[in-house]
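Peer 1: Take this structure, written in structure tokens, and hold onto it; I'll ask about it next.
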Amino acid sequence: MILTGIEIEKQLNNGNIVIDPFIHEQLNPNSYNYRIGDEIIEFYYLDGKKMKRRVKIPSGGFQLEPQTIYLASTYEILGSKKYAMSLIGRSSLGRLSLFLQISANLGHTGSCHKWTLELVSMKPFIIYSKMKVGQISFWTNEGEILLYHGGYSLFNLPTISKLEEENDIDR
Amino acid sequence: MILTGEEIKKRYREGKIVINPFIEMNITTNSYDLILGDKYLVYTTKILDPAKNNPYEIRKIPEDGLVLKKGDFALSYSKEIVGSNYYVPIIHAKSSIARLGLFIHVTADLIDIGSIGNITFQLFATMPVRIYSGMLIAQVSFWVPEGKITLYDGKYKGSSGVRPSEAYQDFRRGCK
């Protein structure tokens, strides 16, 4: 079952959900609007080699090139040891062609951190620091819970794919 | 929990789910198939800025279909008015449409409880594809919520037809 907005706030107060900082106005009927942080990772090629750089989003916004992947992170720390999570984009930005998360929307029970966001815009798009970019919903589990400790759960900054690290593409 | 097709039909008859027009044949095992409306929207500006009201045009889908070129992005909408004050709708493409490389939404698949209107589709073609008004393009599933319900009262409430982004309203309130 998916939690309603009132239930999200109740479980936040019970300690079963972490949203930090939490702003009541960002609560929806069945999700919470999260913000983007103030940093973006962009990828580029130098002598055929894939490189990356971290960029602070300027106050006038940062223009995303179309159909190009950028990484960022949520401004909030988001997580739960009780519920599974789904992290998606907002329809207001989807209507402007911005993909937020590319088919990997499922957040495992037990993860609690600033989430890495995968941004791809179909058209040139201006992103602003700390704007509300997406929604997180919380889902009840059925069955015994083995908490997620691995992978990316420890990271609070935008974190590149471990596959790239393993393949040594990006050093 | 997700409702079965039979349960969707039952809840529709009780008035707990709105689907209008409702065609019994469009019920599937766990969802209801949605029909593409007859208009689409394209932005007429090169750079999309969520802080601004981006200019756009609404056009009619021609009788013989609309060809979306590879990389084209357009908005359109479901012919049906869809929503519920009791269940959470989630929008999906029909897999036959996805297999043609056509996205029907761009990651925003979750509808708020209490939001009842035409569903705006965010169409993105990864391959050239022809779409027709009246075709089955998407599906909606309904999910049981846990907790006390508050109904949606946001900026897209009661959407009629295709609705462009109103992200700029957030900026006007001084709250990005």
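The values are calculated or read from the model by the stated rules, or taken from the named source; none is laboratory data. Predicted, not measured: the structure shown is a model, and the values here were computed from it. Ideal geometry is used to build each Cβ from the backbone, glycine not excepted, and the neighbour counts take in all protein chains shown.
Peer 1: At least 3 residues that are facing another protein chain (nearest Cβ under 8 Å) and among the acidic types (Asp, Glu) in each: list the strands (runs of 3 or more DSSP E) lying fully within segment B:95-168 that qualify.
Peer 2: No strands (runs of 3 or more DSSP E) qualify here.
Peer 1: How many residues are within 30 Å of B:SER141 (Cβ to Cβ) and either over 20 Å from the mean Cα position of the chain (by Cα) or not hydroxyl-bearing (Ser, Thr, Tyr) (or both) if we restrict to segment B:30-58?
Peer 2: 13
Peer 1: Among (1) closer than 30 Å to B:MET1 by Cα; (2) of a type outside the set (Lys, Arg); (3) at pLDDT 95 or above, which single condition is A:PHE62 missing?
Peer 2: (1)
Peer 1: Return the residues of segment A:13-50 that are more than 12 Å from every other protein chain (Cβ to nearest Cβ), aliphatic (A, V, I, L, M) and surrounded by 18 or more Cβ atoms within 10 Å (Cβ to Cβ); say none if nothing qualifies.
Peer 2: Matches in segment A:13-50: A:ILE19, A:ILE40, A:ILE41.
Peer 1: Only residues that are more than 14 Å from every other protein chain (Cβ to nearest Cβ), outside any strand (DSSP E or B) and among the aliphatic types (A, V, I, L, M): list them for segment B:24-81, please.
Peer 2: B:MET25, B:ILE61 - these are the residues of segment B:24-81 that are more than 14 Å from every other protein chain (Cβ to nearest Cβ), outside any strand (DSSP E or B) and among the aliphatic types (A, V, I, L, M).
Peer 1: Anything in segment A:59-73 that is without any contact (Cβ under 8 Å) to a residue 60 or more places away in the chain and within 14 Å of chain B (Cβ to nearest Cβ)? List them, or say none.
Peer 2: Matches in segment A:59-73: A:GLY60, A:GLU65, A:PRO66, A:GLN67, A:THR68, A:ILE69.
Peer 1: So is A:GLY89 within 18 Å of A:PHE155 (Cβ to Cβ) and within 12 Å of the chain's Cα centre (by Cα) or not?
Peer 2: no
Peer 1: Would you call A:MET131 within 25 Å of A:PHE43 (Cβ to Cβ) and touching a helix residue (DSSP H, G or I) at 6+ places or on another chain (Cβ under 8 Å)?
Peer 2: Spelling it out, A:MET131 is indeed within 25 Å of A:PHE43 (Cβ to Cβ) and touching a helix residue (DSSP H, G or I) at 6+ places or on another chain (Cβ under 8 Å).
Peer 1: Starting from segment A:9-32, take each residue that is under 14 Å from B:PRO145 (Cβ atoms) and list its partners that are surrounded by fewer than 18 Cβ atoms within 10 Å (Cβ to Cβ) and not aliphatic (A, V, I, L, M), counting only C-beta distances under 6 angstrom and pairs at least six apart or across chains.
Peer 2: Hits for this filter: A:PRO29/B:THR150.
Peer 1: Can you list residue pairs whose Cβ atoms sit under 8 Å apart, with the first residue in segment B:12-32 being of a type in the set (A, V, I, L, M) and the second being modelled with pLDDT under 95? Count only pairs 6 or more apart in sequence or on different chains.
Peer 2: none
Peer 1: Take B:ILE8 and tell me if it is modelled with pLDDT of 95 or more and closer than 18 Å to B:SER141 by Cβ.
Peer 2: Yes, satisfied.
Peer 1: Exactly one of these conditions fails for B:ALA74: (1) surrounded by fewer than 20 Cβ atoms within 10 Å (Cβ to Cβ); (2) closer than 22 Å to A:LEU96 by Cα. Give me its number.
Peer 2: Going through (1) surrounded by fewer than 20 Cβ atoms within 10 Å (Cβ to Cβ); (2) closer than 22 Å to A:LEU96 by Cα one by one, B:ALA74 breaks only (1).
Peer 1: Further question on the same structure: Restricting to segment A:113-131, what's the tally of residues that are surrounded by fewer than 21 Cβ atoms within 10 Å (Cβ to Cβ), in contact with a Gly (Cβ under 7 Å, 6 or more places away or on another chain) and over 15 Å from B:ASP49 (Cβ atoms)?
Peer 2: Total meeting the criteria: 1.
Peer 1: Write out, first by first residue and then by second, each pair whose Cβ atoms fall under 8 Å of each other, whose residues are 6+ apart or on separate chains, and whose first residue, in segment A:79-105, is more than 7 Å from every other protein chain (Cβ to nearest Cβ) and surrounded by fewer than 18 Cβ atoms within 10 Å (Cβ to Cβ) while the second is modelled with pLDDT under 90 and outside any loop (DSSP other than H, G, I, E, B).
Peer 2: A:LYS81/A:CYS112
Peer 1: Can you list the strands (runs of 3 or more DSSP E) lying wholly within segment A:44-156 that have 2 or more residues being out of contact with any Phe, Trp or Tyr (no Cβ under 6 Å at 6 or more places or on another chain) and under 25 Å from A:VAL18 (Cβ atoms)?
Peer 2: A:69-74, A:77-80, A:84-89, A:116-121, A:132-139
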